[in-house]
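Chemist: Just passing along the structure, written as structure tokens.
The values are calculated or read from the model by the stated rules, or taken from the named source; none is laboratory data. On a predicted model such as this, the values are computed, not experimentally measured, just so you know. Counting neighbours? That spans all protein chains shown, and the Cβs are built from the backbone with ideal geometry, glycine included.
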Amino acid sequence: MSLDKLVSIIDDEEDITTLFHEALRSINGITVFAFTDLILALEHFQKNKDAYVLVISDFGMTGLNGMELLRKMKAMNKYVRTVLITAFEVQDTIFSDYTEKRIINGFFQKPVRLNDLIKEVHEQLHSYEIQKPIPFRR
């Protein structure tokens, strides 16, 4: 069994998930999964929720939007870090509320520079380490 921490990239555009996956897979200590299907991403998260440290999701996808997907995941694992990516300008009260309640921990407007994405992932991993629960040992 791997001790790596899990990271998901979720976007309905396969070229985006492939590009981000390639950029992030060189980061030590994480295993990166890329999903274009929201249902598969949510199922994978449910099965592995305690191993997840970061979810990166696009906002505008068919069916469920990225904010709602991140809200569902955060409800299953309150420690998972989340980053929302969008090609659109997001200025609504739900987004503000989700940011304030720390359902969304980071935000990018497309196009995303890969160096910025890698830097953000490192920062989110660091934030996860600071806030993660300490296992109880006897």
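Chemist: For segment 1-36, enumerate the residues that are free of Cβ contacts under 8 Å to residues at least 40 places away in the same chain and part of a strand (DSSP E or B).
Modeler: Correct list: Thr31, Val32, Phe33, Ala34, Phe35.
Yes or no, residue by residue, for (1) modelled with pLDDT under 90; (2) among the charged types (D, E, K, R):
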{"position": "Val7", "(1), (2)": "no, no"}
{"position": "Asp11", "(1), (2)": "no, yes"}
{"position": "Ile16", "(1), (2)": "no, no"}
{"position": "His21", "(1), (2)": "no, no"}
{"position": "Lys49", "(1), (2)": "no, yes"}
{"position": "Lys72", "(1), (2)": "no, yes"}
{"position": "Asn77", "(1), (2)": "no, no"}
{"position": "Ile94", "(1), (2)": "yes, no"}
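Chemist: Can I ask one more? If you check Leu84, Leu69, which single one turns out to be closer than 16 Å to Phe107 by Cα and assigned to a helix (DSSP H, G or I)?
Modeler: Working: Leu84 fails: assigned to a helix (DSSP H, G or I).
Exactly one residue qualifies, and that residue is Leu69.
Chemist: Starting from residues that are among the polar types (S, T, N, Q) and surrounded by fewer than 23 Cβ atoms within 10 Å (Cβ to Cβ), keep the ones in segment 51-81 and report whichever is farthest from Gly29 (Cα to Cα). Quick ask: steps written out before the conclusion?
Modeler: Filtering segment 51-81 down to residues among the polar types (S, T, N, Q) leaves 57, 62, 65, 77.
From what's left, surrounded by fewer than 23 Cβ atoms within 10 Å (Cβ to Cβ): 62, 65, 77.
Values: Thr62: 32, Asn65: 29, Asn77: 19 Å.
Looking at residues that are among the polar types (S, T, N, Q) and surrounded by fewer than 23 Cβ atoms within 10 Å (Cβ to Cβ), I get Thr62.
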